[in-house]
Ligand SMILES: [Zn+2]
């Protein structure tokens, strides 16, 4: 009966409209692969990076880390509230790039696989659009969607309405979003009711060490998108090549520091073998970049308690 009910839900929800998705080609992708990641890091760009904690989601047992992997401490995967973070990257050219949109304003719980509900909590004014407006951000050129789970993308509707940025995501992730079965992946139709212009990161893939390929979003070596599938079909991580030292953002390739350290991805509906391979690739990249700072997808210990805005690379001026 449960299977029948789920199938009926799919059919019902699949009938609901999402906004028009128009594929565009606007990003000035880099076209030549640097010789190495050290060569990339030798030419940093003065990026300003701001993290916005948009709310918290309640992750159940086994979602954040797989305790069955050897070496993972017992209790590491216990259910807990974790932050949902969006990152604004301001490039000196005036180009603004947002990574993820966090959770939406108001009631922000979301589902995965139709039946698994993730509770969510936030404060009034904590959503990313309100926080960007408070910081005087009047232009957004690109939103990189690492993936379309609710805790990373449910704030996208108001953001598209206000700024009309180009959404960048991996082709496999765009295909999952467009699929009539997107609800089974946890991609809720009502988050995507706004029309969007979207571009596949695959347009920028260059062969790069450790991660197989990477895309140089602005063509100057400042913002790199890294394919890290497994958590979802087209999940992306990122390397920000800022003047204060490189930042490696795993997003949900590794929810917690311990997930990364033990190569122990958890999650529902994930391809855990591919997810583990993605973590190993990020670790190889990290080992090649002395001084890189790693930020994990949902590590509570990385954020001051009650923080909603954290500057990661203050302006030199
Ligand atoms: Zn996720």
Filter result for the condition that a residue is in contact (Cβ under 8 Å) with a residue 40 or more places away in the chain and in a strand (DSSP E or B), over 229, 207: 207
The stretch 144-166 - residue that is away from the ligand (no atom under 16 Å from the Cβ) and under 22 Å from residue 297 (Cα atoms) and, of those, surrounded by the most Cβ atoms within 10 Å (Cβ to Cβ): 159
Criterion (at pLDDT 95 or above, crowded, with 21+ Cβ neighbours inside 10 Å and either under 19 Å from residue 79 (Cα atoms) or away from the ligand (no atom under 16 Å from the Cβ) (or both)) met by exactly one of 227, 246: 246
Test for residue 272: is it within 15 Å of the ligand (Cβ to nearest atom), under 28 Å from residue 73 (Cβ atoms) and surrounded by fewer than 20 Cβ atoms within 10 Å (Cβ to Cβ): yes
Output for the stretch 167-184, where each listed residue is assigned to a helix (DSSP H, G or I) and either crowded, with 18+ Cβ neighbours inside 10 Å or modelled with pLDDT of 90 or more (or both): 171, 172, 173, 174, 175, 176, 177, 182, 183, 184
Only one of 46, 119, 124, 73 that is free of Cβ contacts under 8 Å to residues at least 40 places away in the same chain and surrounded by fewer than 24 Cβ atoms within 10 Å (Cβ to Cβ): 124
Within the stretch 253-265, considering residues that are touching a strand residue (DSSP E or B) at 6+ places or on another chain (Cβ under 9 Å) and in a loop (DSSP other than H, G, I, E, B), the one nearest to the ligand (Cβ to nearest atom): 255
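The values are calculated or read from the model by the stated rules, or taken from the named source; none is laboratory data. What you see is a predicted model; the values in this text were computed from it and never measured. No Cβ is skipped: glycine too gets one built from the backbone with ideal geometry, and neighbour counts run over all protein chains shown.
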